[in-house]
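**Student:** My questions all concern the structure below.
The values are calculated or read from the model by the stated rules, or taken from the named source; none is laboratory data. Given the structure is predicted, the values throughout are model-derived calculations rather than measurements. Every residue, glycine as well, gets a Cβ built from its backbone with ideal geometry; the counts of neighbours run over all protein chains shown.
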Amino acid sequence: VNARGVGCCPRHIVYLRLYKRLHGLIQRPCDKDLRPFDYFQCRACLAMNTEPPDPEFLYCQVCFAFQEGAEAAEGEERDWAVPGPSAGGEELEKGLDEQQQ
């Protein structure tokens, strides 16, 4: 990240830029349809993968490691988000404020 700005040091300038960007993203509306790739997780690099062209030959689509003995999550419905306050809600901001103190 090549962030420019005024601050005590380059590290804190970058952190502040990232914080402002993330804060803007958090304020966006929820996306209940967003799901991570969930076919299998690579044991070597931990990347989540989609179904490969040949499900009998599982390999990581990121690091190309062969997944011997890996079990795919076929037909398994997962609940990725635990119900709670909305990301832009007051509860979340209160929690962030408490962490910063």
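**Student:** Cβ-Cβ under 8 Å, sequence separation 6+ or interchain: first residue in the range 21-32 and farther than 27 Å from A3 by Cβ, partner assigned to a loop (DSSP other than H, G, I, E, B). Which pairs?
**Tutor:** Final answer for the pair search is C30/S86; C30/A87; K32/A81.
**Student:** Give me a count of the residues in the range 31-46 that are among the basic types (K, R) and within 11 Å of A65 (Cα to Cα).
**Tutor:** 1
**Student:** Quick one: is Q61 closer than 30 Å to A3 by Cβ and either in contact with a strand residue (DSSP E or B) (Cβ under 7 Å, 6 or more places away or on another chain) or among the polar types (S, T, N, Q) (or both)?
**Tutor:** Working: closer than 30 Å to A3 by Cβ: no; either in contact with a strand residue (DSSP E or B) (Cβ under 7 Å, 6 or more places away or on another chain) or among the polar types (S, T, N, Q) (or both): yes.
No; evaluated as a whole, the condition is false for this residue.
**Student:** Sticking with this structure for a sec: Consider only pairs whose beta carbons are under 9 Å apart and that are at least six residues apart or on different chains; among these, list those whose first residue lies in the range 44-58 and is among the hydroxyl-bearing types (S, T, Y) and whose second residue is at pLDDT 80 or above.
**Tutor:** Correct list of pairs: T50/Y39; T50/Q61.
**Student:** Output the residue which, of all residues in the range 4-39 that are closer than 30 Å to P52 by Cα and among the aromatic types (F, W, Y), is surrounded by the fewest Cβ atoms within 10 Å (Cβ to Cβ).
**Tutor:** Ranking the candidates gives F37 first.
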